[in-house]
Structure formats: structure tokens, C-alpha cells
Amino acid sequence: MDLRNIAIIAHVDHGKTTLVDELLKQSGAFRENQQVSERALDSNDLERERGITILAKCTSVEWKDTRINIVDTPGHADFGGEVERILSMVDGVVLLVDAAEGPMPQTKFVTAKALALGLRPIVVLNKVDKPDAEPDRALDEVFDLFSNLGADDDQLDFPHLYASGRSGWADEEIDGPRKNLDALFRLISNHVPRPRVMNRVDEPFRMLATTLSADPFLGRILTGRIESGTVKTGATVQALSRVGQKIEQFRVSKVMAFRGLGQQEIEEGRAGDIVTLSGMQKATVADTLCALAVEEPLPALPIDPPTISVT
Ligand code: GDP
């Protein structure tokens, strides 16, 4: 199965939850009565560690032969490199903008980070059904925003769709047929590159821990994208700190992936997949979880206050 990892950036109320629910409904993965296990990363058990608030959520949908992992981004500035870590798991971003309100200043921070990381955004002008929607004005404002944030030519040449997430359609034309979200699925699949690391599957297992959470049954759980190799339940792996110090060696008690709104145990996680592992006692965010033979941690992502400031 092909794979795409994307993040959605949206201001509160611009319709992210509604759109993702519609994507799920229209996705092959969704079944009426599908048993959706509790969203592990959505529990109230969120931990604070090293001053980091753990907020990432992930939803996974299937379209044709492609699995699309959709990562949520915090809609505000952060002070622990969390946004970078989350964005480092994805190869594309969808900026969702209320067509009546236009882009909001609060989403600038995350958008700036996405652009700085070289991600090429897809813009969805949402809620065009609203009587006061001004999609073309919103589009101009997005262009100006990207341009002010230093977007390169490729990023400024972003594709855009008009949408009403609530009515379940997205289209390239404002007066298009308004049937379904296929145009969005298609654009994600065509515009967002497949994870480059997918061809590093034969190398030793390495993954950067991006978010930390606690599960009532599994205890400590860490989520991130596998950068190389594969990982299975029962594997003995280690955690290396950002400076390469061995934090612990542990047996992976479960490998889980996102399916729909929930998480499911999977047999094997492979390079490019976003997975959740359990079994560790001490390992934390920004550590590298890896095969015992690995000596170097993955390049550290900032855990200190970000250097890019957005006014
Ligand atoms: P979130 O905060 O970005 O997750 O936004 P929600 O998905 O919760 O939506 C916020 C509000 O906007 C809700 O009242 C939705 O019913 C409404 N909404 C979402 N999508 C649309 C849309 O396409 N058109 C209109 N008119 N309202 C929408």
C-alpha cells in the first residue's frame, strides 16, 4: 500500500474536525459500526515533560491504494520544538482556511515552520457555502501570508481547492460539481511526495520519538515516524538521547498504527510509517528509538525555544 503523511494546519473553528470526519466517512477504511478503539493520544492523560505539552493526534484514512496519515498540529506557537517534531513526520501540509475569515494570525507560526521545513502546502478554502464567504480574497491573503513568510517559488505556486467540509465536497472550481472529497484525496496523493525514507527499509530500525503519552494498559507510549528499518512486537531496541547517551534497552511490547480515528496493533512497522510503541520505561520525546547496533541518534530537533520568531 502506498503512503502519504500530511499535517493539517487550521485556525480553531475553521472546520478541521468536520473535514477530517468527512474524509473518514468517504475513505475506504471507514465502516459503519467500525470498532474504534480509544484514541490513545487524545486521552486526558497527557503528560508534561521537559515543559512540553503533548498534543499531536493522528487520523488515518485510505483512498484507493493509499493510506493517508493526517497529523494534527497545535494551532499556536510552542516553546519546545514540538511543532518542528510533528512537521518532521510529514511530507506535506494542508492549510485549511475559512473562506469568510481568511488566514488568521494564530496559524502564522505553524505555517512559517512548515514553509521553513520546505513543505509545499495545499490550500483548502473551506466553508465556501457561507453567505459571507470571499474565497478569492482569502486566497489572495494566503498568497500574501506565504510571501511574507518567505515562501519559495514552488511554495507560492500552491494548489488550492474550494470546499465545504460540512457538505462533504472539495473542488478545483468554485462552481464545480460539488460531489465529494475526491479532488482533495487526489491532490494529496499527487502533490505530497511519498515518504522518502520508505526506501530505507533494509537499514537498521531508527525512529525519532515525537510525542509522548500514557495509556492505561500499556503505560508509557511514544509516537513517531520510522526513519529506517522495521520494528515488530517483541523486538529488543534501545533509546538514545539527543547526544547519543544510552537511556535504556527495552522490549517493544506493542507496535500500533493509526487506523481511522483509533489505533490498532500491527505486525510490523516499516520505514515511513507513523507508529506508536510501548514497552519503554524512561525514553522520551526527542530520543531516538533504534536497533541495538545503532550508535548515532537521529539529528536532534530543537527542544529549546524556537529561533524563528513570527510577529
Ligand atoms: P475545528 O475547530 O477547526 O475543528 O472546526 P469544526 O470542524 O469543529 O467546525 C467549527 C464549526 O464550523 C462547526 O459549527 C461546524 O459545523 C462548522 N463548519 C464546519 N465546516 C463547515 C462548512 O464547510 N461550512 C459551514 N458553513 N460551516 C462549517
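The values are calculated or read from the model by the stated rules, or taken from the named source; none is laboratory data. These figures come from a predicted structure and were not determined experimentally. Cβ: placed from backbone, ideal geometry, glycine included. Neighbour counts: every protein chain shown. Only protein heavy atoms, including side chains, enter the accessible area calculation; ligands, DNA and RNA are left aside. Shrake-Rupley method; radii C 1.70, N 1.55, O 1.52, S 1.80 Å.
First measure r as the distance between the Cβ atoms of Ala293 and Asn199, then evaluate 1/(1 + (r/R0)^6) with R0 = 25 Å and state the FRET efficiency to the nearest 0.05. It comes to 0.80.
Taking the accessible area of segment 149-269, probe 1.4 Å, and keeping the other protein chains in place, the carbon and sulfur fraction comes to 42%. Think of each Lys and Arg Cβ as +1 and each Asp and Glu Cβ as -1; about the Cα centre, that makes the dipole of segment 169-311 roughly 320 debye.
Solvent-accessible surface (1.4 Å probe) assigned to Leu24 amounts to roughly 10 Å². Extension gain, Glu265 to Glu248, is 3.8 nm, computed as 0.36 nm per intervening residue step minus the present C-alpha separation.
Of the cross-linked pairs Lys16/Lys282; Lys57/Lys179; Lys179/Lys254; Lys57/Lys282, those separated by over 30 Å at the C-alpha level are Lys16/Lys282; Lys179/Lys254. With R₀ fixed at 22 Å, the C-beta to C-beta distance from Asp21 to Ala214 puts the FRET efficiency at about 0.25. A simple spin-label model places the labels of Ser189 and Asp132 3.8 nm from each other, with each point 7 Å out along Cα-to-Cβ. Which aspartates and glutamates have a Cα lying under 19 Å from the Cα of Lys113, excluding residues fewer than 8 positions away in the same chain? Here the aspartates and glutamates satisfying the reach criterion relative to Lys113 are Asp72, Asp78, Glu82, Glu84, Asp91, Glu141, Asp144, Asp152, Asp153, Asp154, Asp157, Asp304. Couplings 3J(HN,Hα) of segment 197-205, computed from phi: 5, 4, 8, 9, 5, 8, 7, x, 5 Hz, in residue order, whole Hz [Karplus 6.51 cos²θ - 1.76 cosθ + 1.60, θ = phi - 60°; x for Gly and Pro].
On the beta carbon distance between Glu141 and Gln106, with R0 = 22 Å, the FRET formula returns roughly 0.95.
Out of all Cα-Cα pairs in segment 69-170, roughly what percent, to the nearest whole number, are more than 17 Å apart? Tail of the P(r) past 17 Å holds 51 percent of the pairs.
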